[in-house]
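This report concerns only the one structure given below.
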Amino acid sequence: QVQLVESGGGLVQAGGSLRLSCAASGRISSINRMAWYRQAPGKQRDLVAVITSGGTTTNADSVKGRFTISRDNAKNTFYLLMSSLKPEDTAVYYCNADVTSTVGSGYYTTNYWGQGTQVTVSS
């Protein structure tokens with residue numbers, strides 16, 4: 001099994017910055033796609049940013065120029081640096097990853113979610 005553990009959420013004033021971390025542990029051969037999602041109260045969970053195994057990133061239009069996703073493959077950890085935060089960025093942020101694990105001579109890829117971390121931006 002694999003676990004994703006997020007950290008770094010909290011309360012920040014508008015215009016401030018936060019860095020979220022997501023550390024993966026367990027039976028890991030490689031981590032492919034990594035992504036951050038967020039869900040505000042009463043709304044659906046939305047994709048915020050994605051980074052591929054090759055390092056290609058994609059951001060949602062609402063966070064372009066303000067959020068940066070990155071990864072440290074040696075640590076099985078990825079990050080979301082959030083700058084120029086706005087009250088509308090308030091949400092629970094979830095990390096998500098496609099993890100390849102080996103079992104005997106075979107391998108399989110499974111999608112995992114973290115438990116979520118609250119980010120609150122005050123005006």
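For this structure, a couple of remarks:
- Note on region 14-34 and region 43-110: Cα centroid distance 6 Å, given to the nearest whole angstrom.
- From the Kirkwood radius over Cα pairs of the chain, Stokes-Einstein at 10 °C and 1.306 mPa s returns a whole-number translational diffusion coefficient of 108 µm²/s.
- Given R0 = 25 Å, the distance between the Cβ atoms of Glu88 and Ser53 translates into a calculated FRET efficiency of 0.20.
- Accessible area (Å², 1.4 Å probe, nearest 10) - Lys75: 130 Å²
- Region 1-114, accessible surface, carbon-and-sulfur percent (1.4 angstrom probe): 48 percent
- Annotation: lysines with alpha-carbon distance below 21 angstrom to Lys43 (same-chain offsets under eight excluded): Lys64, Lys86.
- With protein chains left intact and a 1.4 Å probe, residues in the chain average 52 Å² of accessible area per residue.
- Total charge dipole magnitude, region 29-123, about the Cα centre, Cβ charges on Lys, Arg, Asp, Glu only, Debye to nearest 20: 60 debye
- FRET E, pair Gln3, Ser123, Förster distance 30 Å, beta-carbon r, rounded to 0.05: 0.30
- Segment Ser30-Gln44, length gained on full extension (0.36 nm per residue, minus Cα span): 2.1 nm
- When Tyr108, Tyr93 are compared by accessible area at a 1.4 angstrom probe, the order from most to least is Tyr108, Tyr93.
The values are calculated or read from the model by the stated rules, or taken from the named source; none is laboratory data. Being a predicted model, the structure only gives us computed values, none of them experimental. For neighbour counting, all protein chains shown are included, and Cβ atoms are generated from backbone atoms with ideal geometry for every residue, glycine included. Heads up: the accessible areas ignore ligands, DNA and RNA and are worked out on the full protein's heavy atoms, side chains in. Shrake-Rupley method; radii C 1.70, N 1.55, O 1.52, S 1.80 Å.
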